[in-house]
């Protein structure tokens, strides 16, 4: 909302860019931009609260743009022609006369005022103009915004277990590799949310009878690990059967965890 708040972390921007750029394709005249740069400065606005305080990806879009009255390339060109009946402010009257049948413009009428006698009232517009869409266009507006909302909801994180591999090391000691995949755009935890400590961490558990987890680590590169074992990031936690992941899992990403377990 404000330039002073700084840019979102790069990992968060990857998700925002993906969803926001598709939003431009779903919503007419929507510009994916930061609020302070594209509209105006807001301190403590809804998107700030949702993103920084709740860890939720949030967007702010205007529901209506007056350019939607005449939106074909030909009509846009006519609006720039001073001799056109839809140039400048004349376009509002044309639209009201021919598409709304004069419903939105209030004509001048005489009224008897108790103190001033006969007066005229009118010459103004009703509420369904400029900042609000014409009523017959409400269905499309609502449908497009609903579609964008459902699209964003469909890109919420969806953790899945992928390929698994087990290798016997010696006796009842095994190496277990598990791929953890998030095919959606949104990470399980926004980086800003992790920095602000405003959401619960992810929990990764392993269960089994008589199973002891000797060690656990994240595999930096699965292909490299197969040819040169040992290049991994050791997880230094007390209870390796219940691993706490505070920075979440990025969107459209597969990570591999390696367990060294003992049991039968």
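The values are calculated or read from the model by the stated rules, or taken from the named source; none is laboratory data. Just so it is clear, the structure is predicted and the values come from calculations on it, not from any experiment. Note that each Cβ is placed from the backbone with ideal geometry, even for glycine, and that neighbours are counted across all protein chains shown.
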Those strands (runs of 3 or more DSSP E) completely within the stretch 172-238 that have 3 or more residues that are at pLDDT below 95 and within 31 Å of the chain's Cα centre (by Cα) are none
Identify the single condition in (1) closer than 30 Å to residue 251 by Cβ; (2) assigned to a loop (DSSP other than H, G, I, E, B) that residue 127 does not satisfy, given that it satisfies every other one.
-> (1)
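Residue 83 - would you say it is within 22 Å of residue 132 (Cβ to Cβ), surrounded by fewer than 14 Cβ atoms within 10 Å (Cβ to Cβ) and free of Cβ contacts under 8 Å to residues at least 12 places away in the same chain?
In short, no.
Out of 13, 39, 27, 63, which single residue is over 25 Å from residue 197 (Cα atoms) and free of Cβ contacts under 8 Å to residues at least 60 places away in the same chain?
Going through 13, 39, 27, 63 in turn, just one is over 25 Å from residue 197 (Cα atoms) and free of Cβ contacts under 8 Å to residues at least 60 places away in the same chain: 39.
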Residue count, the stretch 55-68 (criterion: under 24 Å from residue 150 (Cβ atoms) and not in a loop (DSSP other than H, G, I, E, B)) = 1
Failed item, numbered, when residue 93 is tested on (1) out of contact with any strand residue (DSSP E or B) (no Cβ under 8 Å at 6 or more places or on another chain); (2) in a helix (DSSP H, G or I); (3) at pLDDT 90 or above; (4) over 30 Å from residue 192 (Cβ atoms) = (1)
Being part of a helix (DSSP H, G or I) and closer than 24 Å to residue 143 by Cβ narrows 52, 18, 12 down to just 18
Kindly check whether there is at least one residue in the stretch 23-36 that is assigned to a loop (DSSP other than H, G, I, E, B), at pLDDT below 85 and farther than 24 Å from residue 143 by Cβ.
-> yes
How many residues of the stretch 155-171 are surrounded by 12 or more Cβ atoms within 10 Å (Cβ to Cβ), without any contact (Cβ under 8 Å) to a residue 40 or more places away in the chain and not in a strand (DSSP E or B)? The answer is 2
